[in-house]
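Asker: A single structure is presented below for examination.
The values are calculated or read from the model by the stated rules, or taken from the named source; none is laboratory data. Predicted model, so just to flag it, every value in this text is computed and none were measured. All Cβ positions, even for glycine, are placed from backbone atoms using ideal geometry, and neighbour counts span all protein chains on display.
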Amino acid sequence: MSEMPHMQTETTSTDLPTATGEAPILAVEGLRVEFSSDQGVVRAATNVRFSVPHGRTLGIVGESGCGKSVTLRALCGLVPEPGRIVAGTVEVEGVRYHSGKELASLRGEKLSMIFQDPASSLNPVHTIGAQVSEVLRVKLGHSRRVARAEAIDLLGHVGIPEPARRMAAYPHELSGGMRQRVMIAMAIACRPRVLLADEPTTALDVTTQEQILKLLLRLQDESGMAIVLVTHDLGVIEEFCDEVAVMYAGYVVERGSIEELVSSPKHPYTRGLMAAMPQIDAKSLPEVIVGQPPDLATLLPGCPYAPRCPQVREECPQVDMEAMTVTRCACPFVGPSGEEAAILGVASREDEKAGL
Amino acid sequence: MSTAVALQDVGLPGATVDGGQSRRGLGVALWAGIAIIAVAVLATVFVRITGVGNPDQLSLVKALEAPSLSHPFGTDALGRDVFVRTVYATGLDLQVGLVTTIVPLVIGMVLGLVSGFFGGWVDAVVMRVMDALLAFPFIVLIIAFVTIFGVGLTGVYVGLTIASLPVFARLTRGEMLVLREQQFMMASRTLGYSNRRIIFKHALPHLIRPNLIYSPSNMLGNVLTLAALSYLGLGAQPPTPEWGAIIAGGQDYLLTSWWISTLPGIFVVIVGIGFSLTGEGLAELLRARTG
Amino acid sequence: MLKYVGLRLLQAIPVLFGITIASFILIHLVPGNPARIQLGPRATAVAVRQLDRRLGLDRPLLSQYITFLTGAVHLSFGESLAFHQPVGGLIRSKVGATTLLMLYSFLISLLLTIPFALLAAVKRERAADHAIRIVGMTLFVMPVFWLGLLLALVFGLELGLLPTGGYGSGFGGALRSLTLPAVTLGLVMAPLFLRSLRASVIQTLDAGFIEAARARGFSEHRVLFRHCLRNASISTVTVIGLTMGALVSGTVVVENVFAIPGLGTLLVSSVSARDFPTIQGLVVVLALAVVLINLLTDLAYAAIDPRVRL
């Protein structure tokens with residue numbers, strides 16, 4: 001498949017409405033991740049494009065199987081076999097990287113990652129102290145004594161009470177929230193420029209979720225690091241993120257600031273997600289999006305959301321997704337305002353009923 | 001399991017330990033194993049029926065001859081053809097292996113079935129005895145029986161049979177405990193206790209599965225133990241041809257007539273690989289059925 | 001931790017009882033009169049009765065057992081009929097060689113297992129993995145005594161590198177004598193451990209904390225050895241514990257192949273000589289060895305995995 005020509009004129013930094021004009025810390029352009037399997041080539045991420053400025057948070061949201069976790073991992077070269085980055089660039093602080101291997105060299109220094117389940121993300125046979133100290137010794141070259149002292153500092157900094165005592169504890173002796181704090185401590189030990197977070201609060205109870213998100217915000221304010229947060233929880237996105245990228249079937253179908261997405265979502269999928277969110281003061285029950293996400297090994301040409309889209313039209317299978325996903329909304333039939341889109345949608349259904 | 005998470009994200013199954021061997025691969029292992037054993041069995045049967053080659057034919061003139069076309073494994077100190085003896089020995093070893101697997105399988109299954117079904121003190125007693133048997137190193141246990149019955153095959157037969165019991169009993173009991181929760185609860189409610197026999201007939205195919213999977217391993221282990229005991233002089237007594245005994249016979253001549261002790265061993269290894277492949281292939285096959 | 005150890009020790013007691021009962025019964029299961037069997041068919045009735053009394057076979061069963069049990073606790077099993085020495089003393093003089101051989105073999109098997117299991121796991125399903133598994137299967141299937149003879153032939157007799165029999169003096173000499181036997185046993189045991197460790201490493205590499213370690217920018221080397229191996233060892237330790245009986249069995253055979261003056265050679269010669277007291281003593285001691293090793297394995301398990309330590 002030949003590559004679509006880049007629209008070089010549209011730079012990433014002016015893409016996002018809240019951009020301050022300075023270069024973003026992280027800029028992803030045309031990222032493609034593929035897995036080779038018995039069922040054929042699975043296109044986990046196609047033509048992904050977004051950027052994150054200094055000190056901001058980008059949320060990547062979507063259903064299971066949309067490719068958000070794979071995209072996040074691609075950013076630090078952690079895509080597991082049999083997958084790999086086949087195209088695209090990831091720019092970190094102005095330096096461009098093209099392969100997973102190159103990005104891997106940034107791990108633990110410029111890029112850091114925290115994971116969903118703190119219970120399985122910490123080594124169960126090593127003490128907390130040993131694990132935190134290890135990062136300091138290996139990545140920063142500290143001596144054992146210095147690393148130990150710094151580890152205690154770090155643990156205190158992320159809000160763990162009595163950090164000196166906790167150094168000798170094992171992961172299974174701590175609560176979920178504590179474990180996640182330890183993870184975060186290890187992730188920020190080397191003062192990364194970008195923190196990648198894969199559903200960091202999904203495995204925690206609601207109160208703890210709040211605390212962890214607040215912690216992340218505080219750390220972000222202190223260091224100015226950018227955060228890329230992957231989640232399926234729209235509530236977290238709303239509360240925590242500055243910008244959002246919505247993914248579906250490996251494509252970024254919409255990008256924008258959080259205010260825009262909440263007040264006037266454009267892409268039918270985004271609108272579907274918003275409508276599916278339970279609201280306390282809603283006038284009606286949330287509407288579930290009917291159907292299942294497509295199988296990424298057998299993606300049909302055109303827009304992958306077509307089978308489930310309430311505004312689907314005849315032309316949808318002919319949509320040039322490569323070109324569309326460079327823009328902020330991948331649906332060409334959605335007008336400048338949401339109402340127009342709704343009207344268009346109604347119109348097309350009427351057409352169908354009339355048998356045209 | 002984060003790598004699994006990432007893979008699930010794109011709809012791929014996670015890594016499996018044996019790499020999810022493709023269907024073609026698994027068939028090959030099983031058939032190769034069975035083929036090897038079949039050849040060995042056929043060889044020993046053929047040799048006995050047709051009387052080609054005499055394992056006991058002494059000939060001091062032809063003693064300690066190097067391997068040649070007429071004597072592929074050479075001759076031993078008494079001039080006997082080592083290859084013919086090895087093939088004959090196959091019959092004895094396989095026979096012992098078979099008997100000391102089938103008998104404990106049957107008895108062990110009964111014990112495990114009873115133990116698992118009734119539970120309570122029956123279960124406790126049976127399992128304690130099995131544990132006690134398992135506490136002994138295998139060869140030491142067999143040697144104990146050889147002590148009781150005197151050197152020779154009787155002690156080996158009894159010893160191997162008894163020593164093989166615990167595993168079959170344990171496997172069956174484990175399967176029974178699982179089964180008890182499933183079929184019996186339903187059946188006993190609808191049919192009443194009188195149909196216990198029918199229940200046993202339904203349970204049996206499930207109970208026999210782990211035992212079948214384990215059988216080739218058990219046979220292999222027992223045959224190797226017999227060989228070791230015969231090597232030590234405690235098992236098959238001369239002039240009976242047995243793999244271990246043949247190899248032992250060549251030890252004094254190891255430097256000069258190396259073929260007596262070394263070549264039969266290669267034969268044993270090949271047959272052993274046959275058992276190993278059969279065991280693995282069987283395990284894959286039977287596990288694949290239930291998924 | 002102490003509670004864990006104490007619990008395991010308590011659990012071992014009924015097993016120890018079982019072992020002494022089984023060993024005790026041994027002599028009584030012999031068809032016919034053990035004393036007569038020992039002395040042979042041409043023994044006089046008087047001689048048989050004398051031996052009977054010496055072996056305590058004329059006393060009631062329970063009293064015999066109590067004598068046996070109390071003796072067993074002190075590792076005293078009467079007098080050897082073949083050597084005319086106390087069995088306990090015989091055992092004590094030979095236990096050193098056997099223990100050293102078992103330790104040496106275990107060490108060699110670990111040295112073989114760990115690197116090859118890691119290699120096979122990391123290069124899963126590729127040529128190296130298949131090769132390792134095939135070699136493993138072949139080694140596992142080999143009769144121990146045959147492999148021993150083969151190694152003795154090549155390295156001992158042909159190349160003259162190592163002794164093929166007997167027991168050298170001093171620690172160095174002993175190690176030299178035990179090298180070929182230990183390598184033999186190590187090679188046969190390694191495939192068992194390798195299979196388990198390989199599977200365990202493959203499974204562990206999928207775990208979250210491995211990915212997290214990689215995300216921190218640690219080298220693959222560090223991830224494998226510092227993070228993966230210890231966790232993967234947990235389930236392999238269990239497998240090792242289960243196969244310790246096989247280690248003892250193998251030692252018995254290998255000792256005889258290389259004429260090492262240990263408990264194994266003593267056992268075999270005692271059977272031929274129908275030296276019942278010695279056999280009984282050896283059965284108890286060897287079974288005891290397995291129980292002890294199992295206990296040590298459980299301790300190792302708790303040492304590796306802090307979650308177990310209650």
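Asker: Is it true that some residue in region B:91-107 is over 27 Å from the mean Cα position of the chain (by Cα) and surrounded by fewer than 16 Cβ atoms within 10 Å (Cβ to Cβ)?
Answerer: Restricting attention to region B:91-107, the residues satisfying the condition of being over 27 Å from the mean Cα position of the chain (by Cα) are none.
No: zero hits.
Conditions (1) within 16 Å of A:PHE50 (Cα to Cα); (2) surrounded by fewer than 16 Cβ atoms within 10 Å (Cβ to Cβ); (3) not acidic (Asp, Glu), marked per residue:
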| residue | (1), (2), (3) |
| --- | --- |
| A:VAL244 | yes, no, yes |
| A:TYR251 | yes, no, yes |
| A:SER263 | no, yes, yes |
| A:SER284 | no, yes, yes |
| A:VAL290 | no, yes, yes |
| A:PRO294 | no, no, yes |
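Asker: Of all residues in region C:121-136 being crowded, with 17+ Cβ neighbours inside 10 Å and facing another protein chain (nearest Cβ under 9 Å), which is farthest from C:PHE225 (Cα to Cα)?
Answerer: Restricting to residues being crowded, with 17+ Cβ neighbours inside 10 Å and facing another protein chain (nearest Cβ under 9 Å), the top hit is C:ASP129.
Asker: Looking only at residues in region A:206-239 that are in contact with a strand residue (DSSP E or B) (Cβ under 7 Å, 6 or more places away or on another chain) and surrounded by fewer than 22 Cβ atoms within 10 Å (Cβ to Cβ), which one is modelled with the highest pLDDT?
Answerer: Narrowing region A:206-239 to residues in contact with a strand residue (DSSP E or B) (Cβ under 7 Å, 6 or more places away or on another chain): A:216, A:220, A:225-232, A:234, A:237.
Narrowing the set further to residues that are surrounded by fewer than 22 Cβ atoms within 10 Å (Cβ to Cβ) leaves A:220, A:232, A:234.
Details: A:GLN220: 92, A:HIS232: 85, A:LEU234: 84.
The qualifying residue modelled with the highest pLDDT is A:GLN220.
Asker: Then there's this: Let me confirm something: among A:CYS303, A:CYS309, A:CYS331, A:CYS316, which residue is modelled with pLDDT of 80 or more and more than 24 Å from the chain's Cα centre (by Cα)? Walk me through it before giving the result.
Answerer: Values: A:CYS303 fails: more than 24 Å from the chain's Cα centre (by Cα); A:CYS309 fails: more than 24 Å from the chain's Cα centre (by Cα); A:CYS331 fails: more than 24 Å from the chain's Cα centre (by Cα).
Residue meeting the stated conditions: A:CYS316.
Asker: Can you say whether B:MET186 is within 14 Å of another protein chain (Cβ to nearest Cβ) and either modelled with pLDDT of 85 or more or surrounded by fewer than 21 Cβ atoms within 10 Å (Cβ to Cβ) (or both), as far as the supplied structure shows?
Answerer: Numbers: within 14 Å of another protein chain (Cβ to nearest Cβ): no; either modelled with pLDDT of 85 or more or surrounded by fewer than 21 Cβ atoms within 10 Å (Cβ to Cβ) (or both): yes.
For B:MET186, the condition - within 14 Å of another protein chain (Cβ to nearest Cβ) and either modelled with pLDDT of 85 or more or surrounded by fewer than 21 Cβ atoms within 10 Å (Cβ to Cβ) (or both) - is not met.
Asker: Being within 12 Å of another protein chain (Cβ to nearest Cβ) and under 16 Å from C:PRO261 (Cα atoms) is the filter here, so list the residues in region C:149-182 that pass it.
Answerer: C:THR164, C:GLY165
Asker: Taking into account only those residues within region C:267-310 that are β-branched (Val, Ile, Thr) and at the interface with another protein chain (Cβ under 9 Å from one of its Cβ atoms), which is nearest to C:ILE13 (Cα to Cα)? Before you say what the answer is, go through the steps one by one.
Answerer: Pass one, region C:267-310, residues β-branched (Val, Ile, Thr): C:268, C:271, C:278-279, C:283-285, C:290-291, C:293, C:297, C:304, C:308.
Filter once more, keeping what is at the interface with another protein chain (Cβ under 9 Å from one of its Cβ atoms): C:268, C:271, C:279, C:283, C:290-291, C:304.
On the way: C:VAL268: 28, C:VAL271: 28, C:ILE279: 22, C:VAL283: 17, C:VAL290: 13, C:VAL291: 10, C:ILE304: 25 Å.
Across region C:267-310, the extreme among qualifying residues is C:VAL291.
Asker: Quick one: which residue in A:GLU162, A:GLU150, A:GLU173 is at positive phi and either touching a His at 6+ places or on another chain (Cβ under 9 Å) or surrounded by fewer than 18 Cβ atoms within 10 Å (Cβ to Cβ) (or both)? Spell out how you get there, then give the answer.
Answerer: Working: A:GLU150 fails: at positive phi; A:GLU173 fails: at positive phi.
Exactly one residue qualifies, and that residue is A:GLU162.
Asker: Now for a separate question. Identify all residues within region B:254-274 that are at pLDDT 90 or above and aromatic (Phe, Trp, Tyr); write none if there are none.
Answerer: B:PHE267
Asker: Another question, then. Do we have B:GLU280 as out of contact with any strand residue (DSSP E or B) (no Cβ under 8 Å at 6 or more places or on another chain), among the acidic types (Asp, Glu), farther than 20 Å from C:SER272 by Cβ and within 11 Å of chain C (Cβ to nearest Cβ) here?
Answerer: Values: out of contact with any strand residue (DSSP E or B) (no Cβ under 8 Å at 6 or more places or on another chain): yes; among the acidic types (Asp, Glu): yes; farther than 20 Å from C:SER272 by Cβ: yes; within 11 Å of chain C (Cβ to nearest Cβ): yes.
When the stated conditions are applied, B:GLU280 passes them.
Asker: If I filter region B:17-38 for residues that are away from chain A (no Cβ under 13 Å), assigned to a loop (DSSP other than H, G, I, E, B) and modelled with pLDDT under 75, do I get at least one hit?
Answerer: Yes, the conditions are met somewhere in region B:17-38.
Asker: Suppose the filter is surrounded by fewer than 24 Cβ atoms within 10 Å (Cβ to Cβ), over 20 Å from the mean Cα position of the chain (by Cα) and more than 11 Å from chain A (Cβ to nearest Cβ); does C:ALA246 pass it? Spell out the reasoning first.
Answerer: Details: surrounded by fewer than 24 Cβ atoms within 10 Å (Cβ to Cβ): yes; over 20 Å from the mean Cα position of the chain (by Cα): no; more than 11 Å from chain A (Cβ to nearest Cβ): yes.
Taking the combined requirement at face value, the residue does not satisfy it.
Asker: Take the conditions closer than 26 Å to C:VAL253 by Cβ and of a type in the set (A, V, I, L, M, F, W, C) and apply them to C:PHE83. Does it pass?
Answerer: Working: closer than 26 Å to C:VAL253 by Cβ: yes; of a type in the set (A, V, I, L, M, F, W, C): yes.
It is true that C:PHE83 is closer than 26 Å to C:VAL253 by Cβ and of a type in the set (A, V, I, L, M, F, W, C).
Asker: Still on this structure, please answer the following. Applying the selection to region B:136-160, what residues are crowded, with 22+ Cβ neighbours inside 10 Å and either under 22 Å from B:LEU207 (Cα atoms) or among the aliphatic types (A, V, I, L, M) (or both)? Full working, then the answer.
Answerer: Looking only at region B:136-160, we keep the residues that are crowded, with 22+ Cβ neighbours inside 10 Å, and these are B:136-144, B:146-147, B:155-156, B:159-160.
The answer is B:ILE139, B:VAL140, B:LEU141, B:ILE142, B:ILE143, B:ALA144, B:VAL146, B:VAL156, B:LEU160.
Asker: Residues C:ARG222, C:ARG214, C:ARG198: which one is assigned to a helix (DSSP H, G or I), crowded, with 22+ Cβ neighbours inside 10 Å and either more than 24 Å from the chain's Cα centre (by Cα) or of a type in the set (S, T, N, Q) (or both)?
Answerer: Working: C:ARG222 fails: crowded, with 22+ Cβ neighbours inside 10 Å; C:ARG198 fails: either more than 24 Å from the chain's Cα centre (by Cα) or of a type in the set (S, T, N, Q) (or both).
Going through C:ARG222, C:ARG214, C:ARG198 in turn, just one is assigned to a helix (DSSP H, G or I), crowded, with 22+ Cβ neighbours inside 10 Å and either more than 24 Å from the chain's Cα centre (by Cα) or of a type in the set (S, T, N, Q) (or both): C:ARG214.
Asker: Inside region B:262-273, can you point out the residues that are crowded, with 23+ Cβ neighbours inside 10 Å and over 13 Å from C:TRP146 (Cβ atoms)?
Answerer: none
Asker: If a residue has to be in a loop (DSSP other than H, G, I, E, B), over 12 Å from the mean Cα position of the chain (by Cα) and farther than 24 Å from A:ARG32 by Cα to count, how many in region A:226-252 make the cut?
Answerer: Of the residues in region A:226-252, 1 are in a loop (DSSP other than H, G, I, E, B), over 12 Å from the mean Cα position of the chain (by Cα) and farther than 24 Å from A:ARG32 by Cα.
Asker: Taking C:ALA82 and the conditions (1) more than 24 Å from C:THR243 (Cα to Cα); (2) out of contact with any Asp or Glu (no Cβ under 6 Å at 6 or more places or on another chain), which numbered condition does it fall short on, given that it satisfies the others?
Answerer: (2)
Asker: Got a sec? Which of A:VAL194, A:VAL146, A:VAL135 is of a type in the set (Val, Ile, Thr), more than 29 Å from A:ALA23 (Cα to Cα) and in contact (Cβ under 8 Å) with a residue 24 or more places away in the chain? If you could, list the steps in order and put the result at the bottom.
Answerer: Values: A:VAL194 fails: more than 29 Å from A:ALA23 (Cα to Cα); A:VAL146 fails: in contact (Cβ under 8 Å) with a residue 24 or more places away in the chain.
Residue meeting the stated conditions: A:VAL135.
Asker: Which ones in region B:62-85 are in contact with a Lys or Arg (Cβ under 9 Å, 6 or more places away or on another chain) and within 13 Å of B:THR262 (Cβ to Cβ)?
Answerer: Correct list: B:PHE73, B:ASP76.
Asker: Could you list, in sequence order, the residues of region B:117-168 that are more than 8 Å from chain C (Cβ to nearest Cβ), in contact with a helix residue (DSSP H, G or I) (Cβ under 9 Å, 6 or more places away or on another chain) and among the aromatic types (Phe, Trp, Tyr)?
Answerer: Listed by number, the residues that qualify are B:PHE117, B:PHE145, B:TYR157, B:PHE168.
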